[in-house]
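Structure first, commentary second.
The values are calculated or read from the model by the stated rules, or taken from the named source; none is laboratory data. Values in this document were obtained by computation on a predicted structure and should not be read as measured data. Reconstructed Cβ throughout: ideal geometry from the backbone, glycine too, with neighbour counts over all protein chains shown. The accessibility values were calculated without ligands, DNA or RNA, using every heavy atom of the protein model including side chains. Shrake-Rupley method; radii C 1.70, N 1.55, O 1.52, S 1.80 Å.
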Amino acid sequence: MSSKKQLLFIRNVILFTFTAFGGAQAHLALLLKYFVKDTKYITEEELLELNALAQVLPGPASTQTLVGIAYKVGGLKLSLVTFIIWIFPSAAIMTFAAISYAKVDHKEKFVEILEYIQPIALGIVAFGAYNLSRRVLVSQLSVFLAISAIISTLVLRNAYVFPIAILIGGMISSALDAPKEESEIRVKLFSNINPKKLIYFVGVLLFLALLGAIINRTSPFSLPIRLFENFYRNGIFIFGGGQVLVPLMFTEFVQMKHYLHSSGFLSGFALQQALPGPTFSFTSYVGALSMRNFGYGITGQITGGIVAVLGINLPGLILVLFIVPFWEDLKKIARIKYSLSGINAVSVGFIIAAFILLVKPIGMDFTAITVLIVTFLILNFTKISPPFIVLGGILLGYFL
């Protein structure tokens, strides 16, 4: 890949980073625009496959999908640069917010300015759901799987609905559509997997847990090590993205470990909702504020923000970079290849269910509904980019 194309790719990553409001579902629509429709770095099918893979894995789905795209385009180096660009801005802002927590409470005008961001984000979600539905829901089986995913998400409201439904959808479409499996491809694939990497992956968690348990609690290194272990562990076991991460963090860090108070936690979460980028960057706020509440200075608080955001993201980053190199071989296994249609159908169901859940708080707010519909119509019938719509929403909130 030429340096000019890499710079163009990085430019699109920066644009995506600063316009990615609305969580993972809206992010997918933006990924489709910036890396498929506008530049054709990958195909729509490849994007859906990477997103489906990220849905099955624990960790931040948007981050894993973006890093997977970068790996396919430019290899390991570009994927790491992309990862840093993606997480740094929101993580830096949230760390600064924790350091300046007393001032963050006085943000009424800031919230007013960003009043229209939520319905704009919902318009982006609706646009993404509409386009992907047209592309993916092309058979009775895919429609059935999507509707089942919607119902199970709305009824069960459990984090493990996501990986279980993805796996069930893939198994159903694989069982109904796939011919005989190719044993030679499977042998080739599994012979290329290095078991030492899997041992290292789990070993880091066990080592940090042991180190955090035996180190003196009065040591200045104690809390950063324990924070990294806490977030690394959450990164391994959290399915379902930010909507699952935040309540689990509240339970662990506020109610159980008392690293920070509920008022500080909720103030930071409100700020995170107004920022573009990964929801998982909220961990940098929790890490920095935890260090502040235990008497650490600014350097210690910055350290807390860094170890938190790295700890929560590293498991998902390692997993996606471990699997993507084998993805082409993995897809050649018939039952895996034919499972993708079911996985994609379930993913579309999740997006539609997320839209339903996100739009419920709006209720009968005429202004918000109007902004949502106008956003959808602009994206569907014009070539205006989401950044300009977001900027328009900010200006609207500032002047009205």
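Among helices (runs of 4 or more DSSP H) entirely within the stretch 243-328, having at least 3 residues that are out of contact with any His (no Cβ under 8 Å at 6 or more places or on another chain) and open to solvent by 10 Å² or more (accessible area, probe 1.4 Å) singles out 262-273, 298-323. Quick one: which of Phe83, Phe96, Phe16, Phe35 is more than 23 Å from Gly170 (Cα to Cα) and more than 19 Å from the chain's Cα centre (by Cα)? Only one candidate qualifies: Phe96.
Quick one: in the stretch 93-117, which of the residues that are open to solvent by less than 40 Å² (accessible area, probe 1.4 Å) and of a type in the set (Gly, Ala, Ser) is modelled with the highest pLDDT? Only one residue fits best here, namely Ala98.
Taking Ile42, is it under 26 Å from Ile302 (Cα atoms) and of a type in the set (Val, Ile, Thr)? Walk me through how you get there before you give the answer.
Numbers: under 26 Å from Ile302 (Cα atoms): no; of a type in the set (Val, Ile, Thr): yes.
No, not satisfied.
Candidates Thr17, Thr82: the one that is polar (S, T, N, Q), touching a Pro at 6+ places or on another chain (Cβ under 8 Å) and either open to solvent by 10 Å² or more (accessible area, probe 1.4 Å) or part of a helix (DSSP H, G or I) (or both) is Thr17. For the stretch 118-143, filtering for residues that are touching a residue at least 12 places away in the same chain (Cβ under 8 Å), part of a helix (DSSP H, G or I), open to solvent by 30 Å² or more (accessible area, probe 1.4 Å) and not hydroxyl-bearing (Ser, Thr, Tyr) leaves 6. Within the stretch 210-252, if we keep just the residues that are at pLDDT 70 or above and of a type in the set (Gly, Ala, Ser), the residue that is farthest from the chain's Cα centre (by Cα) turns out to be Ser222.
Could we say that Ile69 is at pLDDT 90 or above, within 28 Å of Arg134 (Cα to Cα), assigned to a helix (DSSP H, G or I) and not basic (Lys, Arg) here? Answer is yes for this residue. Residue-level analysis places Val56 among those that are open to solvent by 20 Å² or more (accessible area, probe 1.4 Å), of a type outside the set (D, E, K, R), closer than 19 Å to Leu314 by Cβ and touching a residue at least 12 places away in the same chain (Cβ under 8 Å). Looking across the stretch 284-315, the residues that are touching a residue at least 60 places away in the same chain (Cβ under 8 Å) and either of a type in the set (S, T, N, Q) or more than 25 Å from Leu266 (Cβ to Cβ) (or both) come down to Ser284, Ser290, Gln301, Thr303, Asn313, Leu314, Pro315.
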